[in-house]
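Inspection log for the structure reproduced underneath, given as structure tokens.
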Amino acid sequence: MGDVMTENESKKEHLREYRGHVRRIRRIESELAELRAMKTSLSVVNDGMPHGAGQSDLSEYASQLDQLERSLIQERCKRIVAYKELTDRIRSLKSENERDVLFYRYIKGFDWWEIAEKMGYSERWVLKIHGKALAHFELSKEFIEIHPKM
């Protein structure tokens, strides 16, 4: 049973993919900020001594910047596609409570206690709603084809 995922585990994995995009976008944005800060600190050195900020340093900086900006655009596109696909599936659930729990958990990334507070229920009741929502949530055909070990 080591390789085989239960249907609910597969559904959770699919629902978590969106938050992964959000996390990767934040990391790339942090990398870009760090790279830009290093570039700024290189050009600020003004002590009269020769420094190695030559043309090769600038071309390496430009290359890294370009690569990160491309990665950021690609990840933002993936996020948009994942958001649309997941929210469409979540909206198809009949129960508003189930839609709320899945949205707050997997799109907004809230903790269980935050969802309970927002909905005015106990955490235990929210977890019960979550279980029902998973039972009603349908995996996309694309996800099943990519993850056939269910």
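Points 7 angstrom from Cα along the Cβ direction at Lys94 and Asp111: gap in nanometres?
About 3.5 nm, to one decimal.
Identify all lysines with a Cα-Cα distance to Lys78 below 24 Å; exclude those on the same chain that are fewer than 8 residues away in sequence.
Filter leaves Lys11, Lys12, Lys108, Lys141, Lys149.
Where in the stretch 75-116 does the amide nitrogen come within less than 13 Å of the point 7 Å from the Cα of Glu17, taken along Cα to Cβ?
In the stretch 75-116, the label zone of Glu17 (backbone N under 13 Å from the point 7 Å along Cα→Cβ) covers 78-89.
Using a Förster distance of 22 Å, how high is the FRET efficiency between Glu85 and Ile25, based on the Cβ-Cβ distance and rounded to 0.05?
Result of the calculation: an efficiency of 0.80.
Using a 1.4 Å probe and ignoring any ligands, DNA or RNA, find the accessible area of Asp66 and quote it in Å² to the nearest 10.
70
Please give, to one decimal in nm, the separation of the simple spin-label points placed at Ser63 and Ser122, each 7 Å out from Cα toward the Cβ.
Reported label-point gap for Ser63 and Ser122 is 6.1 nm.
The values are calculated or read from the model by the stated rules, or taken from the named source; none is laboratory data. Not measured: the values here are computed from a predicted model. Ideal geometry is used to build each Cβ from the backbone, glycine not excepted, and the neighbour counts take in all protein chains shown. Only protein heavy atoms, including side chains, enter the accessible area calculation; ligands, DNA and RNA are left aside. Shrake-Rupley method; radii C 1.70, N 1.55, O 1.52, S 1.80 Å.
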